[in-house]
Structures are given as structure tokens and as C-alpha cells.
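Colleague: I am attaching a structure below and will ask some questions about it afterwards.
The values are calculated or read from the model by the stated rules, or taken from the named source; none is laboratory data. Since the model is a prediction, treat every value here as computed from it, not as a measurement. Methodologically, a virtual Cβ is constructed for each residue, glycine included, from the backbone with ideal geometry; neighbour enumeration extends over all protein chains shown. Remember, those area values only see protein heavy atoms, side chains included, never the ligands or the DNA or RNA. Shrake-Rupley method; radii C 1.70, N 1.55, O 1.52, S 1.80 Å.
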Amino acid sequence: MRAERAVKELLLALGEDVDREGLKETPRRMAAMLTEMCHREPFKFTSFKNEGINEMIVQTPIEFHSLCEHHLAPFTGVASVCYIPDGRIVGLSKLARTVAYCAKGLQNQERICTAIADMLEENLHPQGVGVILRAQHSCMALRGVKSNPWTTTSCMRGVLLTKPEARAEFLALVRS
């Protein structure tokens, strides 16, 4: 497999003995891990008539992990996702699946945040969408800065962007 050969070459370039017991299977394992972390598994975005439901729906904390596109180092965090229905509601598992789907691949946190909001808007056409991601990036902890603060990104759409009371409600629900 091409990825295994590339990992083996990387280990050799780093001066490692790829024939020692602890590294013999590393190229295969690392290639499999990277493939799993980068492969997006499509899913059916199931939605239903909202049956009069027009209040905010919030799901938190949704754990996620991804790979930093700049260093290929993992970053992990939690997402808070909210939408206000306008005709359709989504099966609850689809919110977590959306986060996992958007986090796959070589990413940056800001892009994941926007992609989640885009996917919810495209599939539900809601009155509003809110996404907050809090993550720790191992590239910061392992390199240069030697610190691992939480990075927070947000994306607000529709009434969560235009109505301060809707935004305040979402933020209050996320904090509770």
C-alpha cells in the first residue's frame, strides 16, 4: 500500500530502524489510522415534519476529533450545535453524525465549524443555526508554544445571528 510505504520512508528519514520489533507494524497501523480519520462515511440526513415545533433544539457536548492540516497532529474537542426548525426537524443522532462527518480529514477548526452550519442549513432550511466548537490542538502542546489552551470558534446563522435574544438563549443553554 502506498501510504504504508510513505510512512516507512518517513520513519527511515527520521533515522528510525524500521525493522525493530516496536516499529515493524507501525507503517501499516499509521496508514490505517490516517485512512480512518480522513475517510468520510456518507449518511442519510433523516428529517421529519416539525409538527409545530419551532423552538430551539440544542445538543451538547458532542465530542469530535480531527487532524490539523498544518502538522497532521490530532485535535479534539466538543461541539455545541443548535437549530431552530422551520418546517423540518432532524433525527437527533444526525447532529452528532454531522459533527463527526465534517471533522473528518485534514482540517482546521474554523472550517469544521462553518461546514456543520452549512450542512444543517442545506438539509433543514431552519430559521437559525448555531455551532460552537471548543478544542485543544496537540500541535500547540507538542511544539513551540508548549501550552494547550482551549480554542473556541463559533458560527451563527439566521435568527441566531440577527436576534440577540436567540443568540443569548443558545449561549445560556450551552453554559448550563
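Colleague: Leaving out ligands, DNA and RNA, what percent of the accessible area of region 1-113 is carbon and sulfur, probe 1.4 Å?
Modeller: Numbers: 3660 of 6860 Å².
The computed percentage sits at 53.
Colleague: Subtract the Cα-Cα distance of Thr114 and Leu11 from 0.36 nm times their separation in residues, and report this length gain in nm to one decimal. Let's see the in-between values first.
Modeller: On the way: separation 103, 0.36 × 103 = 37.08 nm, distance 3.52 nm.
Going from the current span to full extension adds 33.6 nm.
Colleague: Using +1 at the C-beta of Lys and Arg and -1 at the C-beta of Asp and Glu, which of Val78, Phe43, Thr98 has the Cα lying farthest in the positive direction of the dipole of region 1-144?
Modeller: Positive-most Cα among the choices belongs to Phe43.
Colleague: What do you get for GluC sites (Glu not before Pro) in region 43-93 restricted to DSSP loop and a cutoff of at most 10 other Cβ within 10 Å of the site's Cβ? Spell out each step's value before the answer.
Modeller: Numbers: sites: Glu51, Glu55, Glu63, Glu69; in loops: Glu51, Glu55, Glu69.
Of the GluC sites (Glu not before Pro), the ones in loops of region 43-93 whose Cβ has at most 10 other Cβ atoms within 10 Å are Glu51, Glu55.
Colleague: Sticking with this structure for a sec: Explain nothing, just the number: dipole magnitude of the chain about its Cα centre with +1 on each Lys and Arg Cβ and -1 on each Asp and Glu Cβ, in debye rounded to the nearest 20. Each step should come with its number before you reach the end.
Modeller: Details: 22 positive and 20 negative charges, 6 e Å.
The calculation lands at about 20 debye.
Colleague: Please give the calculated 222 nm ellipticity per residue for the chain, where each DSSP H segment of at least 4 residues contributes -39500 (n - 2.57) and the sum is spread over every residue; nearest 500 deg cm²/dmol? Don't skip to the answer; put the middle values down first.
Modeller: Numbers: 7 runs with 73 residues, N = 176.
The per-residue figure over the chain is -12500 deg cm²/dmol.
Colleague: A follow-up question, please. What's the percent breakdown of Cα-Cα distances in region 48-92 across 10 Å bins, shortest bin first?
Modeller: Using 10 Å bins, I get a P(r) of 24, 34, 23, 16, 4 for region 48-92.
Colleague: Still on this model: Taking only pairs that are 8 or more places apart or on different chains, how many Lys pairs in region 21-157 have Cα atoms under 30 angstrom apart?
Modeller: Step by step, the pairs that qualify in region 21-157 add up to 7.
Colleague: Considering the convex hull of the alpha carbon atoms of the chain, report its projected area averaged over all viewing directions, in nm², one decimal.
Modeller: Working: hull surface 49.3 nm².
Projected area, direction-averaged: 12.3 nm².
Colleague: Next up: For region 24-176, calculate the relative contact order in percent as a whole number, restricting contacts to Cα pairs under 8 Å that are 6 or more residues apart. Each step should come with its number before you reach the end.
Modeller: Values: 279 pairs, mean separation 35.5, N = 153.
For region 24-176, the relative contact order is 23 percent.
Colleague: Near Val7, within a Cβ-to-Cβ distance under 13 Å, what is the net charge of the other residues, with Lys and Arg +1 and Asp and Glu -1?
Modeller: +2
Colleague: Quick one: P(r) of region 80-176 from all Cα-Cα pairs, 10 Å bins, percents rounded to integers, in order of increasing distance.
Modeller: Once binned at 10 Å, the Cα pair distances of region 80-176 give 15, 44, 29, 10, 2.
Colleague: Once you compute Rg and the Kirkwood Rh from C-alpha atoms, what is the Rg to Rh ratio for region 20-119? Before the final figure, lay out each step's value.
Modeller: Numbers: Rg = 16.9 Å, Rh = 15.3 Å.
Dividing the radius of gyration by the Kirkwood radius yields 1.11.
Colleague: What aspartates and glutamates could a cross-link reach from Lys8, if we take a straight Cα to Cα line under 17 Å and drop same-chain neighbours fewer than 8 places away?
Modeller: Glu16, Asp17, Asp19, Glu21, Glu25
Colleague: Rounded if a/c is under 1.5, else prolate if a/b is larger than b/c, else oblate: which is region 2-76, with a ≥ b ≥ c the root eigenvalues of its Cα gyration tensor? It would help to have the intermediate numbers written out before the result.
Modeller: Details: a/c = 4.29, a/b = 3.13, b/c = 1.37.
Prolate is the answer for region 2-76, as a/c is 1.5 or above and a/b outweighs b/c.
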